[in-house]
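Read the structure below first, then the notes.
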There are 4 protein chains.
Amino acid sequence: MEPAPAPALDVERWFNSEPLALDDLHGRVVLIEAFQMLCPACVTHGIPQAQRVQQLYPSTEVAVVGLHTVFEHHDSMGPDALATYLSEFRVTFPVGVDRPHEDGGRIPTTMRRYDLQGTPSQILLDRAGRIRSKTFGIVDDLALGTRIGRLLAEPPP
Amino acid sequence: MEPAPAPALDVERWFNSEPLALDDLHGRVVLIEAFQMLCPACVTHGIPQAQRVQQLYPSTEVAVVGLHTVFEHHDSMGPDALATYLSEFRVTFPVGVDRPHEDGGRIPTTMRRYDLQGTPSQILLDRAGRIRSKTFGIVDDLALGTRIGRLLAEPPP
Amino acid sequence: MEPAPAPALDVERWFNSEPLALDDLHGRVVLIEAFQMLCPACVTHGIPQAQRVQQLYPSTEVAVVGLHTVFEHHDSMGPDALATYLSEFRVTFPVGVDRPHEDGGRIPTTMRRYDLQGTPSQILLDRAGRIRSKTFGIVDDLALGTRIGRLLAEPPP
Amino acid sequence: MEPAPAPALDVERWFNSEPLALDDLHGRVVLIEAFQMLCPACVTHGIPQAQRVQQLYPSTEVAVVGLHTVFEHHDSMGPDALATYLSEFRVTFPVGVDRPHEDGGRIPTTMRRYDLQGTPSQILLDRAGRIRSKTFGIVDDLALGTRIGRLLAEPPP
């Protein structure tokens, strides 16, 4: 079975980047780190890990994209608060704010499209923009590195 | 020279507690942990350390009090956002929101009274309610434990 | 340029295994962890990391082999002391004792063959038994995982 | 009940110090760290913690003494191997080798006198040379610091 192409990101505002589409990242391995700025495992594990990924690999090989998928406590985690968080925690990779669902449900659009269970979640895309793994919670560096290494070994599309 | 009695806390709202005065804690050693909910060293070090202090000592011997001294990014760290933070990070000791200064300056009232340099700061009061140490930044557990141990060894007033 | 085939291990005694040759591991990715039982970076970092590698991957995919390359303090790190170390630190992967060089030099035979700079060193072999990376010192899990992932992605020989 | 005076150390060889008696340390708080050089919790926790204690306090206030209480694998942990360990792990506080029991039992003399359960063990003496606490296993820094702080607060004898 072929891996699925990744759904488009539906983002209402970007930080640290011009508006970004996954197509712009074609040819690179992509780590999408879905998080909430007041989720403890995101703050202490997911985001620092994504920062390590950003530092380890050349940006031409691996792109790191944050996705702020707020599904609880929306009032405390709006875009302005997120701007403060990103600045204080020195997050410099592109971060998109997942668009609230138009029916008013608490789970935002992109989070639904990717069928994420919660935060932090890690989605890895191959160089052809297809979803190759999706994990929820805390993943150790050895396991994440292995997944990224496997995808880096594949030839560009 | 005698240690100074601790200035009163000027708090506009309490979490995890009825309104609290330092006099209520007379007879106990008190750790006041001044923090901001989006300050990285507070989130990764200061607050977890205050939680360890809370867990290690009987509450009749050592009282832990958080003080939310917001002096920057005020819009992102209001009381409602703080409520989310405390809930998500399972902070169960009393936390007071430092009162904004009435002249509109960015440093809140209690933070001025205690002449704090920034966050996280740790203030230790002896059983008689006097300031015995005030530190700024990251303090290791061995050093903090020593200071608390010294104060615990003093007879009740 | 083709990667070099790994030199044979010259081992005078094996722990946790029958005598082992690299050919026996053909088809698997191999991590050779060169260490000394009284080298601090080996004890606190290299060996625990090799244990994590052993736990993460199926043994049919990745083989972990320890190589005790004693080049200093030989009297304190003989095979009997090593047996104690392996037992106490619960090292269960195969460990070979590098053979002392016959001219009496302090650097043992396999360590010379692999031209290692010191301990800990990490040598990665691909499924065809060829050296694909050789690192000295502390390597973080993300980087090591990436290298292993790249090799796992290659087809069996 | 008065705390007991600490039994004398029965040491067959000292490292990093001239022969040392507890009386020489009178007036200081003393941490005796009992360890074995191939005991994992000693190597990864007990000894580094004792090194932190040594660094934190002035040596005129707190004395740190290691006691090598070998009760298993004696052949792998003789004095020469210990010398290598102390040098490699940069242990610079005085370390005494507990004297083997003359009846040939596996538990050495001082370890018996202090009735220690195993390694690592931490024994704290007050400024008057009396045992004030004895713990076995892993003790966190906050708890150890508290105990030391309490003893430091007591007046010299």
Exercise. Identify, please: which residue in the stretch C:4-16 is on the phi < 0 side of the Ramachandran plot and part of a loop (DSSP other than H, G, I, E, B) and is, among those, surrounded by the most Cβ atoms within 10 Å (Cβ to Cβ)?
Worked result: C:Ala6
For this session: Look at D:Val91 and say whether it is in contact (Cβ under 8 Å) with a residue 60 or more places away in the chain, over 13 Å from D:Cys39 (Cβ atoms) and crowded, with 23+ Cβ neighbours inside 10 Å.
Result: yes
Seminar exercise, completed: A careful count of residues in the stretch C:107-129 that are surrounded by 15 or more Cβ atoms within 10 Å (Cβ to Cβ) and either of a type outside the set (A, V, I, L, M) or touching a helix residue (DSSP H, G or I) at 6+ places or on another chain (Cβ under 6 Å) (or both) gives 14
For this session: Collect the residues in the stretch B:134-157 that are away from chain D (no Cβ under 11 Å) and either touching a His at 6+ places or on another chain (Cβ under 8 Å) or at pLDDT 95 or above (or both), keeping them in residue-number order.
Result: B:Lys134, B:Thr135, B:Phe136, B:Gly137, B:Ile138, B:Pro157
Exercise. Which ones in the stretch B:34-67 are more than 14 Å from every other protein chain (Cβ to nearest Cβ) and either surrounded by 18 or more Cβ atoms within 10 Å (Cβ to Cβ) or part of a helix (DSSP H, G or I) (or both)?
Worked result: B:Ala34, B:Ala63, B:Val65, B:Gly66, B:Leu67
Exercise. Any chance the stretch B:136-148 includes a residue that's among the aromatic types (Phe, Trp, Tyr) and within 26 Å of A:Val70 (Cα to Cα)?
Worked result: no
For this session: For the stretch B:99-108, state whether one or more residues are within 28 Å of D:Leu142 (Cβ to Cβ) and in contact (Cβ under 8 Å) with a residue 40 or more places away in the chain.
Result: no
Seminar exercise, completed: Of (1) away from every other protein chain (no Cβ under 14 Å); (2) charged (D, E, K, R); (3) within 28 Å of C:Gln36 (Cβ to Cβ), D:Arg99 satisfies every one except (3)
Exercise. Can you name the residue in the stretch C:131-157 that is among the hydrophobic types (A, V, I, L, M, F, W, C) and touching a residue at least 24 places away in the same chain (Cβ under 8 Å) and, of all such residues, is nearest to C:Arg113 (Cα to Cα)?
Worked result: C:Ile131
For this session: Tell me which residues, restricted to the stretch B:51-83, are in contact (Cβ under 8 Å) with a residue 60 or more places away in the chain and touching a strand residue (DSSP E or B) at 6+ places or on another chain (Cβ under 7 Å).
Result: B:Val53, B:Glu61, B:Val62, B:Pro79, B:Leu82, B:Ala83
Seminar exercise, completed: Residue count, the stretch B:17-29, condition part of a loop (DSSP other than H, G, I, E, B) and under 13 Å from the mean Cα position of the chain (by Cα), comes to 2
Problem set entry | Residues satisfying the stated conditions in the stretch C:132-155, i.e. β-branched (Val, Ile, Thr), over 20 Å from A:Glu154 (Cβ atoms) and not in a loop (DSSP other than H, G, I, E, B) | C:Thr135
Problem set entry | the stretch C:88-131, residues that are part of a loop (DSSP other than H, G, I, E, B) and more than 30 Å from A:Gly149 (Cα to Cα) | C:Arg99, C:Pro100, C:His101, C:Glu102, C:Asp103, C:Gly104, C:Gly105, C:Arg106, C:Ile107, C:Pro108
Exercise. Filter the stretch C:68-87 for residues that are part of a loop (DSSP other than H, G, I, E, B) and farther than 21 Å from C:Gly129 by Cα; which is farthest from the other protein chains (Cβ to nearest Cβ)?
Worked result: C:Phe71
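The values are calculated or read from the model by the stated rules, or taken from the named source; none is laboratory data. All of these numbers come straight from a predicted model, not from anything done at the bench. Note: ideal-geometry Cβ built from the backbone for every residue, glycine included; neighbour counts use all protein chains shown.
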